[in-house]
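What follows is calculated from the coordinates using simple rules that are stated; it is not laboratory data. Predicted model only: the values in this text are computed from it and were never measured. Methodologically, a virtual Cβ is constructed for each residue, glycine included, from the backbone with ideal geometry; neighbour enumeration extends over all protein chains shown.
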Amino acid sequence: MQVLFEDNHLIAVNKPGGLLVQGDETGDQTLVDWVKYYIKERYDKPGDVYLGLIHRIDRPVSGVVIFARTSKGLERMNALFRDRKVKKTYLAITHERPKEFAGRLENYLWKDRTKNKTKVLERPSRRHPDAKKSVLEYELQGDLNHHSLLKINPITGRSHQIRAQLAAIGTPIRGDLKYGAKIKNQDGTIDLHSYRLEFEHPIKKEPVVIQADPPETSIWDWFQVDGI
């Protein structure tokens, strides 16, 4: 586990693809388990370690995940995410290049919890009245070997938002069979990476930029992502 940022109130790590952020019915080990163990060992803490879950990324996705080490940090970071005061930057490798080199996607998303899959709608309907408006911006960074690298800034934070909205314009993420990719990655991951979080520290009121290198795999090595 790579620790990217750490102080008395927050800790951020670079999550490997394939690792759960928090527990589910599988009972598999989670990122929460890892981070608690790290804090307990590093600071020789007796008893249970407090760790507040601020946000999540999907199991097959890699990259920055930030946790709170204090209840004050958790409450204030939750407010920053809720008020959209955290700038999120993702990188995705797709099988197809989008028709437009850059764009803004605005749709309504509805989560089918029985299938754990998100459906893209043009507008809410009587059948899906709880569909939520979802917005992201993307920009093509480069093409290589019939793949494209996209930089994505999600404005909203819906479940499977990036995966579903990119698939809806014909650019499924590499390895993402659930949303239209034709070939899976051997390790079960998808090539979507939480690259950077930018926000004002909720306690210190200082600018914070947390950035995580993409996985060290051949597909990511094709693209130069420094400085994106």
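Within the stretch 1-38, what residues put their amide N at less than 17 Å from the label point 7 Å along the Cα-to-Cβ vector of T70?
Counting backbone N atoms under 17 Å from the label point, the list is 6-12.
Any idea how far apart I183 and L144 come out in nm if each label point goes 7 Å out from Cα toward Cβ?
1.6
Separation of the stretch 188-219 and the stretch 124-177 by C-alpha centroid, Å?
18
Using mean Cβ contacts within 10 Å as the protection proxy, how do 22-33, 203-214, 40-51 order, highest first? Don't skip to the end; give the middle numbers.
Values: 22-33: 12.5, 203-214: 14.6, 40-51: 10.8.
Put in order of decreasing packing, that is 203-214, 22-33, 40-51.
At R0 = 25 Å, how high is the FRET efficiency between Y43 and D213 if r is their beta carbon distance? Nearest 0.05 is fine.
Numbers: r = 26 Å, r/R0 = 1.03.
That pair, Y43 with D213, gives E of 0.45.
Can you check what the Kirkwood hydrodynamic radius comes to for the chain, Cα pairs only, in Å to one decimal? Before the final figure, lay out each step's value.
Values: mean 1/r = 0.0541 Å⁻¹.
Computed over Cα pairs of the chain, the Kirkwood hydrodynamic radius comes out at 18.5 Å.
Please work out the FRET efficiency for the pair E106 and R56, using the Cβ-Cβ distance as r and a Förster radius of 22 Å; give the result to the nearest 0.05.
Values: r = 23 Å, r/R0 = 1.05.
For E106 and R56, the calculated efficiency is 0.40.
Highest first, please rank the peptides 111-123, 92-104 by the mean number of other Cβ atoms sitting within 10 Å of their residues.
On the way: 111-123: 13.5, 92-104: 16.0.
Top to bottom by mean Cβ count within 10 Å: 92-104, 111-123.
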